[in-house]
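Beneath this line is the structure, given in C-alpha cells, with notes to follow.
Bear in mind these aren't lab numbers, they're just calculated from the coordinates by the rules spelled out. On a predicted model such as this, the values are computed, not experimentally measured, just so you know. Note: ideal-geometry Cβ built from the backbone for every residue, glycine included; neighbour counts use all protein chains shown.
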Amino acid sequence: MAVQCALGTERIMADRLFKDLLSTTLESDLARLNPWWRGLPQPQLPPVRRWAFPVAMRRLRQGLTKVTVLRGPRQIGKSTLIRQMIDDLLGQGVPARSILMVQFDELPGLLDVQEPILRLADWFEKCILDKTFNEAAHAGEPAYVFLDEVQNLDDWAPQLKFLVDNSDVRVMVTGSSALRIEAGRDSLAGRISTLEMGPLFLREILEIRGEGALEPLLPFNGLAALKDKDFWLSLRRFGLEHRDRRERAFGFFSQRGAYPIAHARPDAPWEELAALLTETVIRRAIQHDLRTGPRGRKRDEHLLEEVFRLACRYIGQSPKQSLYLDEIKRVMHANLGWQRILAYLKFLDATLLIRLIEPLELRLKKARGPSKLCLCDHALRAAWLQEVIPLDGPGLEASPHLRDLAGRIAESTVGYFFRSLTDLDVAHFPERGPEPEVDFILTVGEQRIPVEVKYRSHIEFQDTRGLRSFIEKSVYNAPFGILVTQTDDPTTDDPRIVEIPLASLLMMR
C-alpha cells in the first residue's frame, strides 16, 4: 500500500521496499541536485553555450541511440552543459518531474548502493515520475536522465545497458576518463554515441568575453571539406577578414589558455588560476581518476606526476624510450621498465589531458616509433611547471629567447586541435632514411594531408622540405599540404602548399 513520502508536501512516497533503497540524506541530496522538481531554479548558468550544446541536444532528443556520452577533460564545462540542456528542456515544456540529474562525483553515498543506476531508476519512477519510463513515453512525455561523471561507478555500463534495453528513456552520460568510458562501449554496442569536448575554441573565447559570436567554417558533421584545397584557402581568407578579432582572441588564448574559468573570470590573477588548474584538473585526474586501477590496485601517484611533468617538458616532441627511462631514474632514483611508463602515458591520454599522436605506419613489418606528445591546453603546462610561455606576436617580441619553446607548444596545440575533430585520423611522420619528418599527417578517406608547423616569422625554402617530399610521392595520395605559420606574411610560392597562421587554423571550429 502506497503511503505519503517526503519531497516537500508534494512528493509521493514509495512503499517500504523503495523507501529502503535510498537513505533520507541521499534523497535530500538528490532533491538539491534537482530543484526543478519543487519549482525552484538551478544555480545561475553562464549565458554562452559551447559548440557541443546543439549537437548534444539533438542526440538526446532525436538521436539514433538512447545513450549519448559526452567526454572530455575535467573543468571544460561538461556539467555546465548538461545543466544548460536541462534548462532548455524545461523551457520547451518538458515536465520537471521527467528529468533526473545525478552527479556521481558529488554523491559518494551512491557508491554504497548495489547497482546504483538501476536503484536510482526504480526510485525515480516510483517517487518522482509516478509512473514507469515506458508509461511516460507512451503518454508522449519521455523521461530524460543525466548521469554526470558516471565513470566513478563500477559496472556502470552493464547497468545502463539493462536500463535502456528494458525502458524507453533517453540518457546523457558525461565522463572525464576516456579509459573507463571506453571500457563500457562493448556492453553498450549499438546503444551509445560519443561526443568529445575539449577546451575552448578561439571563437568561444571571444563569446565568453562578451565580444560577439563567429560561425565556424567547418561544420560539426563531416570531414570531406578538408580534402579540398579551396577549403584551406577560404580558412586563410576567413582569418584575414576577421583579423582584429582573431588577434584579440589569440592574445587571450596566449595569456591564459582555453579553460572556461580562465575567460569567465578574466580579472582573476594568473597565480590563482594556475593554482586552480593544478588542483582541480591535474591533481584531480592523477589522484582521483587514475589512482585506482583494475581490481582496486593502486597506481604510483608520484610516477604519474613525473610522467605528466615529462609530457609537459617535451610538449610537441616524440621522446625516445631512453629519454623517459633516464629522466624517471634520475628523479625517482628507481629502475622502471618501459612498459610501465608507457602504460602511465596511456592512462594520461585516457584522461584527455594529453594526446599521444602515433607515427604513420605504412609498412606492416616496421617497428612502431615513439608517440608525439600533445597537451590539451598550454595553460596546464604553465601551471604545472610554473613557466609561462607566450604564443602571440607581442609576447614573443618581448621575450625572443622563448621562440623555440613557443614553437613546440604551437605544434602541440595543432596536434591536439586536429585530434579533437571527430573521426579525423591524425598521425605524425618520423624521419625515415631519405624521407624527412612531417609534423602531422591527416587522413580523410583515401587522401592524406601533410601538415608542417613552422612557428616563426621567417621561413626558408628548406623548412618546406618535408611537405614537398611527402606530396611528391604519389603513393601517399597527398595533392597538397598545409604549412602552419605565426604570421599572415607569405613565405612560399609553391602552389601545392597552403600557408595558414596558427590563429586562423584555430578558427576552423
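When the convex hull of the C-alpha atoms of the range 375-452 is computed, what volume per residue in Å³ does it have?
Looking at the range 375-452, the number lands at 122 Å³ per residue.
Quote the convex hull volume per residue of the range 297-349, based on C-alpha atoms, as a whole number of Å³.
Once divided by residue count, the hull of the range 297-349 is 79 Å³.
Once the cut-off is 34 Å, how many percent of the Cα-Cα pairs in the chain end up in the long-distance tail?
42 percent
Using amide H atoms built in the peptide plane, which far-off residues or other-chain residues are under 5 Å from Val69 H to H?
Here the answer is Val173, Ser193, Thr194, Leu195, since their amide H atoms fall under 5 Å of that of Val69.
Return the sequence-ordered ³J(HN,Hα) values of the range 170-175 in whole Hz as given by the Karplus equation 6.51 cos²θ - 1.76 cosθ + 1.60 applied to θ = phi - 60°, using x for Gly and Pro.
Couplings: 9, 10, 10, 10, 10, x Hz.
Relative to the Cα centre, what is the charge dipole magnitude of the range 240-354, using +1 at the beta carbon of each Lys and Arg, -1 at the beta carbon of each Asp and Glu, and rounding to the nearest 20 debye?
440 debye
By its C-alpha gyration tensor, with a ≥ b ≥ c as the square roots of the eigenvalues, how is the range 300-392 shaped: rounded for a/c under 1.5, else prolate for a/b larger than b/c, else oblate?
oblate
Which distance in nm do the two modelled labels at Gln386 and Asp489 give, with both placed 7 Å along the Cα-to-Cβ direction?
Going from the Gln386 label point to the Asp489 one covers 3.7 nm.
Check the straight Cα-Cα distances from Lys66 and name the lysines below 20 Å, setting aside those fewer than 8 residues away within the same chain.
Lys78, Lys131, Lys161
What's the magnitude of the charge dipole for the range 84-137 around its Cα centre, counting Lys and Arg as +1 and Asp and Glu as -1 at the beta-carbon? Answer in Debye, nearest 20.
The calculation lands at about 200 debye.
Which Cα, out of Ile82, His138, Trp51, lies furthest along the positive dipole direction of the range 19-151 (beta carbon charges, K/R +1, D/E -1)?
Trp51
Quick check: convex hull of the Cα atoms in the range 231-349, volume per residue, rounded to a whole Å³?
164 Å³
About its Cα centre, how strong a charge dipole does the chain have in debye, to the nearest 20, once Lys and Arg get +1 and Asp and Glu get -1 at the Cβ?
Taking the Cα centre of the chain as origin, the dipole is about 740 debye.
Of Ala334, Met101, Val69, which is farthest on the positive side of the dipole of the chain, counting Cα position, with +1 on Lys and Arg Cβ, -1 on Asp and Glu Cβ, and the Cα centre as origin?
Highest projection toward the positive end goes to Ala334.
Could you tell me which residue out of Gly212, Ser176, Phe253 lies farthest along the dipole of the chain toward its positive end? Charges go on the beta carbon: Lys and Arg +1, Asp and Glu -1, centred on the Cα centre.
Ser176
Under a cut-off of 25 Å between alpha-carbon atoms, report the lysines in cross-link reach of Lys454, not counting same-chain residues fewer than 8 places apart.
Lys454 reaches Lys227, Lys229, Lys320, Lys372, Lys473.
Please list the non-local residues whose amide H lies under 5 Å from the amide H of Phe146, H modeled 1.01 Å from N, same-chain partners needing a gap of 5 or more.
Leu100, Met101, Val102, Met172
Among DSSP bridges having both ends in the chain, what percentage is antiparallel? Round to the nearest 5.
So the antiparallel bridges amount to about 35 percent of the total.
Rounded, prolate or oblate: which fits the range 228-294, taking a ≥ b ≥ c as square roots of the Cα gyration tensor eigenvalues, rounded meaning a/c under 1.5, else prolate when a/b beats b/c?
Oblate, because a/c is 1.5 or more while a/b does not exceed b/c.
Let me make sure I get this right: for the range 196-240, a, b and c are the square roots of the gyration tensor eigenvalues over alpha carbons, sorted descending. Under 1.5 in a/c it's rounded, otherwise prolate if a/b > b/c, else oblate. Which is it?
Here the range 196-240 falls in the oblate category.
Ignoring everything except DSSP H segments at least 4 long, calculate the 222 nm mean residue ellipticity for the chain; use -39,500 (n - 2.57) per segment, divide by total residues, nearest 500.
-11000 deg cm²/dmol
Measure off 7 Å from each Cα along the Cα-to-Cβ vector at Ala139 and Glu460, then give the distance between these two points in nanometres to one decimal.
For Ala139 paired with Glu460, the spin-label model returns 7.6 nm.
Work out how much length Ala264 to Gln339 would gain on full extension: take 0.36 nm times their residue separation and subtract the Cα-Cα distance, in nm to one decimal.
Gain in length upon complete extension: 22.9 nm.
What distance in nm lies between label points placed 7 Å from Cα along the C-beta direction at Arg299 and Phe220?
With each label placed 7 Å out from Cα toward Cβ, I get 2.9 nm.
Quick one: 3J(HN,Hα) in Hz for the range 385-401, Karplus 6.51/-1.76/1.60 with θ = phi - 60°, rounded, Gly and Pro as x.
8, 6, 9, 8, 10, x, 10, 7, x, x, x, 6, 5, 6, 9, x, 5
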